[in-house]
Amino acid sequence: MKLIVAIVQDKDSTRLSNSLIDADIRATKLSTTGGFLRAGNTTFLIGIDEARLDETLEIIKKSSQKREQFMTPPINLDSPMEVTHTYPIEVQVGGATVFILPIDSFYHF
Amino acid sequence: MKLIVAIVQDKDSTRLSNSLIDADIRATKLSTTGGFLRAGNTTFLIGIDEARLDETLEIIKKSSQKREQFMTPPINLDSPMEVTHTYPIEVQVGGATVFILPIDSFYHF
Amino acid sequence: MKLIVAIVQDKDSTRLSNSLIDADIRATKLSTTGGFLRAGNTTFLIGIDEARLDETLEIIKKSSQKREQFMTPPINLDSPMEVTHTYPIEVQVGGATVFILPIDSFYHF
Ligand code: NI
Ligand code: NI
Ligand code: NI
């Protein structure tokens, strides 16, 4: 048994929740109050048997790893005539920080 | 010194808080944003000397373990005449998930 | 790599956040729902290389350790004429509880 502490962006939180449910892996989600360095993230606590550790890491990675995304920049309202000059740009989203903690013992009451 | 991470249902949170206060055991409570598998729970962080570990586990168990509870099902408003047919039913409530984590060191500033 | 779990009073939370940013140390902040023994605190999760552990502890200590502070007691509205008898008194504020947890492994996706 290990305790996984996984911090992901809020935007990936629902996807990760759903993927864990699909895999029948229990998790507890902790809210963050404006994490100052990575605003808007969610911390997952996941107790997992070592036999399923790699699988769980793979789920976290698939659900939340850093990736490029195309985003259309907001229209400049000061010069609406230039709208046609707006191109989608690539931005980086996602990213997860994951700690695997050893545990001395585990109880389920 | 160990770090106890205990996840209990919200409905048992106040009782556990009070029992820990009675035993003079310090705890920090973390809120959860709709834990997706066990909606509405509270995570307790408790730093505890190993000498008091068993006692603390016993307090957690007594305050929040799974148990049967009788609950009267809500009245069916569509057919109020059948109210007399409503019997209390047994439902399962409570339950705690507890991790005991080793710590390298502990500071109190 | 270690995982620091640091619990500080809300009033010291912004100062600690800023000091960590200045030192280029990443942290995740968890909100607490009325920690019952130390109402209004914030829990910081900080993954840190062992080489920077002492430095980080020093930052936490400087930002949040227990200290005396002079506070002017509120004016007694029942006898406003006695305002001149109000002296600043010394109160204790701050304080941090810090756990250093070993980690088995660490991932950044
Ligand atoms: Ni990152
Ligand atoms: Ni359970
Ligand atoms: Ni203290």
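Couple of notes before you dig in:
- For segment C:95-109, 3J(HN,Hα) computed residue by residue from phi via the Karplus equation (6.51, -1.76, 1.60; θ = phi - 60°) reads x, 9, 10, 10, 10, 9, 9, x, 10, 6, 7, 9, 10, 10, 9 Hz, glycine and proline entered as x.
- Take the accessible area of A alone and of B alone, subtract that of the pair with a 1.4 Å probe, and the total buried over both chains is about 2200 Å².
- Cβ-Cβ distance of A:D104 and C:I21, R₀ of 45 Å, FRET efficiency by 1/(1 + (r/R0)^6): the value works out to about 0.85.
- Among the residues of segment C:6-29, those with an accessible-area drop of 30 Å² or more from chain alone to full protein complex, heavy atoms and 1.4 Å probe, are C:I7, C:I21, C:R26, C:A27, C:T28, C:K29.
The values are calculated or read from the model by the stated rules, or taken from the named source; none is laboratory data. Everything numeric here is computed off the predicted structure, so don't read it as measured data. Quick reminder, even Gly has a Cβ in these numbers, built from the backbone with ideal geometry, and neighbours come from all protein chains shown. Note: accessible area is taken over every heavy atom of the protein model, side chains too, but ligands, DNA and RNA are not part of it. Shrake-Rupley method; radii C 1.70, N 1.55, O 1.52, S 1.80 Å.
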